[in-house]
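Working notes, structure below.
The values are calculated or read from the model by the stated rules, or taken from the named source; none is laboratory data. These figures come from a predicted structure and were not determined experimentally. So basically every Cβ, Gly included, is an ideal-geometry build from the backbone, and we count neighbours across all protein chains shown.
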Amino acid sequence: MKKDENAFSFEAAEESPGFLLWQVTSLWQREIRKALEKYDLTHSQFVLLASIMWLSQQQEPVTQILLSAHSKIDPMTTSTVLRTLQTKGLLERKEHATDTRAKTVVLTETGIKTTKQAIKIVEKFDAEFFEPLGAKVNEFNKKLRLLLGQ
């Protein structure tokens, strides 16, 4: 292919890593949405619930800011999703023990039960979805972390 300032640098769209990532992400998101339907959860809701569970196990109070940083979901979206989850009875927001501006987030009993069930479904789905990578899944994860700057 002759290099032209207005032309793409790839011979085919399928050679573009961004396009491939978009295709895989779209497929993965569509299927994960189906997997979470029975729990009446969006993927963002699931990510925040699972993150609350994970961070709670680390023996630290889970604040909205910590949750936003951990999940890489912006603070405003995190706040909106947390309100929805609170309305669903899956979590409670409480006053922080030492920071009057902050709220801590804790799962309710229903939230814990729902999150544990959803985690099993998501882990099963992920195992099936990424199965074609076989033993290369760890290398794939390593490259994804590299893109995240980790």
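State yes or no: is I52 at pLDDT 95 or above, of a type in the set (A, V, I, L, M) and assigned to a helix (DSSP H, G or I)? I'd like the intermediate steps shown before the answer.
Working: at pLDDT 95 or above: yes; of a type in the set (A, V, I, L, M): yes; assigned to a helix (DSSP H, G or I): yes.
Yes.
Just to check your reading of the model, which residue among Q29, Q23, Q59 is out of contact with any Ser or Thr (no Cβ under 9 Å at 6 or more places or on another chain) and on the phi > 0 side of the Ramachandran plot?
Details: Q29 fails: on the phi > 0 side of the Ramachandran plot; Q23 fails: on the phi > 0 side of the Ramachandran plot.
Every option except Q59 fails the conditions.
Consider region 64-105. How many of its residues are under 16 Å from Q45 (Cβ atoms), surrounded by 15 or more Cβ atoms within 10 Å (Cβ to Cβ) and hydrophobic (A, V, I, L, M, F, W, C)? Residues flagged as under 16 Å from Q45 (Cβ atoms), surrounded by 15 or more Cβ atoms within 10 Å (Cβ to Cβ) and hydrophobic (A, V, I, L, M, F, W, C) within region 64-105 amount to 8.
Going through region 60-71 one residue at a time, which ones are of a type outside the set (A, V, I, L, M) and either free of Cβ contacts under 8 Å to residues at least 24 places away in the same chain or in contact with a Cys (Cβ under 6 Å, 6 or more places away or on another chain) (or both)?
Residues of region 60-71 that are of a type outside the set (A, V, I, L, M), as a first pass: 60-61, 63-64, 68, 70-71.
Hits for region 60-71 are E60, S68, H70.
Among the numbered conditions (1) surrounded by 12 or more Cβ atoms within 10 Å (Cβ to Cβ); (2) over 22 Å from K34 (Cα atoms); (3) among the β-branched types (V, I, T), the only one that V122 does not meet is (2).
Which of the residues that make up region 57-81 are assigned to a helix (DSSP H, G or I) and in contact with a strand residue (DSSP E or B) (Cβ under 7 Å, 6 or more places away or on another chain)?
Initial filter on region 57-81 (assigned to a helix (DSSP H, G or I)): 57, 64-71, 75-81.
Of everything in region 57-81, those that are assigned to a helix (DSSP H, G or I) and in contact with a strand residue (DSSP E or B) (Cβ under 7 Å, 6 or more places away or on another chain) turn out to be Q64, L67.
Would you say S26 is small (G, A, S), closer than 28 Å to L144 by Cβ, in a helix (DSSP H, G or I) and in contact with a helix residue (DSSP H, G or I) (Cβ under 9 Å, 6 or more places away or on another chain)? Explain how you work it out, then say what you get.
Numbers: small (G, A, S): yes; closer than 28 Å to L144 by Cβ: yes; in a helix (DSSP H, G or I): yes; in contact with a helix residue (DSSP H, G or I) (Cβ under 9 Å, 6 or more places away or on another chain): no.
For S26, the condition - small (G, A, S), closer than 28 Å to L144 by Cβ, in a helix (DSSP H, G or I) and in contact with a helix residue (DSSP H, G or I) (Cβ under 9 Å, 6 or more places away or on another chain) - is not met.
Looking only at region 106-118, residues that are small (G, A, S) and either within 14 Å of L55 (Cβ to Cβ) or surrounded by fewer than 17 Cβ atoms within 10 Å (Cβ to Cβ) (or both) come to 1 in all.
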